[in-house]
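Novice: One structure follows; several queries about it will come next.
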Amino acid sequence: MDIIFLILIVICLLMSLKIFLSIRSKHQFLARETILVLVFMYISLLVSFAMFYLIFMQTGSSILLDNGVPVTGSYFQKLNTCLYFSAVTLFSVGYGDINPVGIGRFIAVIQALIGYLLPIIFVARSVISSE
């Protein structure tokens with residue numbers, strides 16, 4: 001039942017995105033390609049930084065703490081934690097349940113900076129291309 005509900009949510013989100021992208025105005029400020037590039041950039045950055053964290057964790061470095069305890073578990077549990085932390089950091093949510101330590105702090109700062117700059121670049125590119 002949960003999987004059906006999840007599939008319906010995804011279908012609704014995709015339909016909303018399709019409607020948003022199909023709206024055309026006299027001056028088209030946003031091109032479909034620009035939005036798709038932004039989405040794929042976010043996804044690739046999220047996964048790339050998660051792989052950075054995972055590589056450090058797999059080599060024995062404790063760079064992420066889950067409620068003050070180093071992240072342990074199977075490979076997929078660590079991957080899940082790294083993807084979650086990467087998303088929370090990239091989108092500047094910062095729940096605080098997982099904290100970076102050591103070199104992880106530097107990587108997280110770089111990722112958060114990119115997360116802040118990407119929308120600015122997107123807006124600037126949209127405004128410049130519409131003129």
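Values quoted throughout were computed directly from the atomic coordinates according to the rules given, and no laboratory measurement underlies them. Nothing here was measured: the structure is a model prediction, and the numbers come from that model. Glycine gets a Cβ as well: all are built from the backbone with ideal geometry, and neighbour counts include every protein chain shown.
Novice: Go through the range 57-88 and count every residue that is farther than 21 Å from residue 43 by Cα and of a type in the set (S, T, N, Q).
Specialist: Of the residues in that region, 7 qualify.
Novice: Does the range 89-97 contain at least one residue that is assigned to a helix (DSSP H, G or I), free of Cβ contacts under 8 Å to residues at least 40 places away in the same chain and under 15 Å from residue 41 (Cβ atoms)?
Specialist: no
Novice: Would you confirm whether any residue within the range 63-80 is in contact (Cβ under 8 Å) with a residue 40 or more places away in the chain and more than 18 Å from residue 106 (Cα to Cα)?
Specialist: No; the residues of the range 63-80 include none that is in contact (Cβ under 8 Å) with a residue 40 or more places away in the chain and more than 18 Å from residue 106 (Cα to Cα).
Novice: Which residues, taken from the range 53-88, are among the aliphatic types (A, V, I, L, M), more than 15 Å from the chain's Cα centre (by Cα) and not in a loop (DSSP other than H, G, I, E, B)?
Specialist: Result: 54, 55, 57, 64, 65, 69.
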